[in-house]
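Novice: The following block contains the structure, expressed as structure tokens.
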Amino acid sequence: MEREDVLPIQGIDYLEYYVGNAKQAAYFYRKGFGFQMTAYAGPETGVRDRASYVLEQGEVRLVFTTPLRPEHPIMEHIRRHGDGVRDIALRVEDAAAAYHVAIARGARSVQEPTVSEDEGGIIKQAAIATYGDTIHTFIERRDYLGAFAPGYEPLSIPEEPVGLLQIDHVVGNVDLGAMNRWVDFYRDVLGFSLFVSFDDKDISTEYSALMSKVMADGGGRIKFPINEPAPGRRKSQIDEYLEFYQGPGVQHVALLTDDIIATVGALQERGIEFLTVPPSYYEGLPARVGEIAEPIAALQRLGILVDRDEEGYLLQIFTKPVEDRPTLFYEIIQRKGARSFGKGNFKALFEAIEREQARRGNL
Ligand code: FE2
């Protein structure tokens, strides 16, 4: 039976981060990740209570926001979570309609539909809650020609890009026992369906385990894996995240490139730190993944991992957490036909994460 797309989503419009110092975060993403700065809002543009910087590369758009006074409600988010992703904003044809459908299907309201306007046109938006303090804004920017949104002024601070093209997936960590509730939320409220699931037999090491289900939207453009910890001998990486983020939230954002060797080479030159796997990973690689176009020596030099599924293969690598709390990190991924998530790398990857956890005294 052909399933009706109850809530069509055009794509991830932006990710908004609440951070302690947006000016410095923006500089880190410009100089570290090669994003150009395209818009700014703050006191100079008539926004009195906060400052926001918009950064773009390919189709990836990130917004970094900080409050200017201690009594600002955003300050509580930062006090509790540290720097992190507040909003996974979804671009829709009709924000009010999307909001009303989501509410009728059980979502909790964060912002009722609002309209904002300047000489660039009209933006309509509304927002619902998802896991933890994370939200989804529905944003309708039909015909809007201004800089990002009303209140923002255009900026053009160029930066040499590293080849990041779009957001491949955004992963949420939720509490033990809560994964299926959030899987149901994405199915029931947003009309997503289960793309693939992993249990603790797929994802476990000597010490810890986790379970994961990947939800995808009707158009197949958006993938949201949801992780929960599974009981293990020691504290899992998900437990460590939940402890330091003080609850559920975005664990990692995967960014797509079509030349991972060039992209990761540029990121490493810019000082971005990645997890490393032992040299033995590469000894077994040709037997495991078969023929690939990339020279193994280059992959090993950069620490890039490879996995194959029925449809093709993928190359991936993970950064260390990008803040002092061991919370949010990034994945860089190149897909050569494969639509999966690198199951064959889970063990090597989690052992790499656990080595870092042990160094932090959290294993
Ligand atoms: Fe991922």
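Novice: Give the angle, between 0 and 90 degrees and rounded to the nearest 10, that separates the Cα long axis of helix 346-359 from the longest principal axis of the Cα atoms of the chain.
Specialist: The answer is roughly 80 degrees.
Novice: Sticking with this one: Relative to the first principal axis of the alpha-carbon coordinates of the chain, what is the inclination of helix 179-188, with its axis defined by its Cα atoms, in degrees from 0 to 90 and to the nearest 10?
Specialist: Helix 179-188 and the main axis of the chain meet at about 50 degrees.
Novice: Restricting to the chain, what percent of DSSP beta bridges are antiparallel, rounded to 5?
Specialist: If we restrict to bridges inside the chain, about 80 percent are antiparallel.
Novice: Could you give each residue of segment 13-30 its phi-based ³J(HN,Hα) in whole Hz, using Karplus coefficients 6.51, -1.76, 1.60 with θ = phi - 60°, and x for Gly or Pro?
Specialist: 6, 6, 10, 10, 10, 9, 9, x, 8, 5, 4, 6, 4, 4, 5, 4, 6, 5
Novice: So what's the back-of-envelope 222 nm ellipticity for the chain, counting only DSSP H runs of four-plus at -39500 (n - 2.57) apiece and dividing by all residues, rounded to 500?
Specialist: Estimated from H runs of four or more residues: -7000 deg cm²/dmol.
Novice: Here is a follow-up. What list of ³J(HN,Hα) couplings, whole Hz, do you get for segment 103-120 from phi and the Karplus terms 6.51, -1.76, 1.60, once you set θ to phi - 60° and write x for glycine and proline?
Specialist: Listing the rounded values in order: 5, 4, 8, x, 6, 9, 6, 10, 8, 5, x, 10, 10, 10, 8, 8, 5, x Hz.
Novice: Please turn the phi angles of segment 145-162 into ³J(HN,Hα) values with the Karplus equation 6.51 cos²θ - 1.76 cosθ + 1.60 (θ = phi - 60°), one per residue in order, whole Hz, x for glycine and proline.
Specialist: The phi angles translate into 10, x, 7, 6, 6, x, x, 9, 10, x, 10, 9, 10, x, 8, 5, x, 9 Hz.
Novice: Which whole-number percent gives the relative contact order of segment 164-360, counting Cα pairs below 8 Å spaced six or more residues apart?
Specialist: It rounds to 22 percent for segment 164-360.
Novice: Taking the Cα centroid of segment 208-231 and of segment 88-147, what is the distance between the two, rounded to the nearest whole Å?
Specialist: Computed from Cα coordinates, the inter-centre distance equals 23 Å.
Novice: Quick one: longest stretch of the chain between exposed loop GluC sites (Glu not before Pro), exposed meaning at most 14 other C-beta atoms within 10 Å and loop per DSSP? Spell out each step's value before the answer.
Specialist: Values: sites that count: Glu2, Glu4, Glu59, Glu71, Glu93, Glu119, Glu206, Glu273, Glu291, Glu310, Glu311.
Longest run free of exposed loop sites: 120-205.
Novice: More than 30 Å apart: what percent of Cα pairs in the chain qualify?
Specialist: Tail of P(r) above 30 Å: 37 percent of Cα pairs.
Novice: Give me the percent relative contact order of segment 11-157, please, defined on Cα pairs under 8 angstrom at least 6 residues apart.
Specialist: 27 percent
Novice: Determine the share of segment 218-363's accessible area contributed by carbon and sulfur atoms, expressed in whole percent, with a 1.4 angstrom probe.
Specialist: Working: 3010 of 6110 Å².
The C+S portion of the solvent-accessible surface of segment 218-363 is 49 percent.
Novice: Please list the non-local residues whose amide H lies under 5 Å from the amide H of Glu59, H modeled 1.01 Å from N, same-chain partners needing a gap of 5 or more.
Specialist: Gln166
Novice: Additional query: Ignoring ligands, DNA and RNA, what percent of the 1.4 Å accessible area of segment 11-157 is carbon and sulfur? Please report the intermediate quantities before stating the final value.
Specialist: Details: 3140 of 6490 Å².
Answer for segment 11-157: carbon and sulfur cover 48 percent of the accessible area.
Novice: Can you tell me the relative contact order of the chain? Whole percent, Cα pairs under 8 Å, sequence separation 6 or more.
Specialist: Relative CO of the chain lands at 15 percent.
Novice: Kindly flag which residue pairs out of Lys31/Lys343; Lys23/Lys124; Lys320/Lys343; Lys201/Lys223 have an alpha-carbon separation exceeding 29 Å in this structure.
Specialist: Values: Lys31/Lys343 32 Å; Lys23/Lys124 27 Å; Lys320/Lys343 19 Å; Lys201/Lys223 22 Å.
In this structure, Lys31/Lys343 lie more than 29 Å apart at Cα.
Novice: I would also like to ask the following. For the chain, with every protein chain kept in place, what is the accessible area per residue (1.4 Å probe, Å²)? Each step should come with its number before you reach the end.
Specialist: Details: 15990 Å² over 363 residues.
Ligands and nucleic acids excluded, the result is 44 Å² per residue.
Novice: Taking only Cα atoms, what is the 0 to 90° angle, nearest 10, from helix 260-269's long axis to the longest principal axis of the chain?
Specialist: Once rounded, the angle reads 80 degrees.
The values are calculated or read from the model by the stated rules, or taken from the named source; none is laboratory data. If you're wondering where the values come from, they're calculated on a predicted model, not measured in any experiment. A quick note on method: Cβ atoms are made from the backbone with ideal geometry, for glycine too, and the neighbour counts reach across all protein chains shown. For the accessible areas, the whole protein counts, side chains as well, though only heavy atoms, and no ligand, DNA or RNA atoms are used. Shrake-Rupley method; radii C 1.70, N 1.55, O 1.52, S 1.80 Å.
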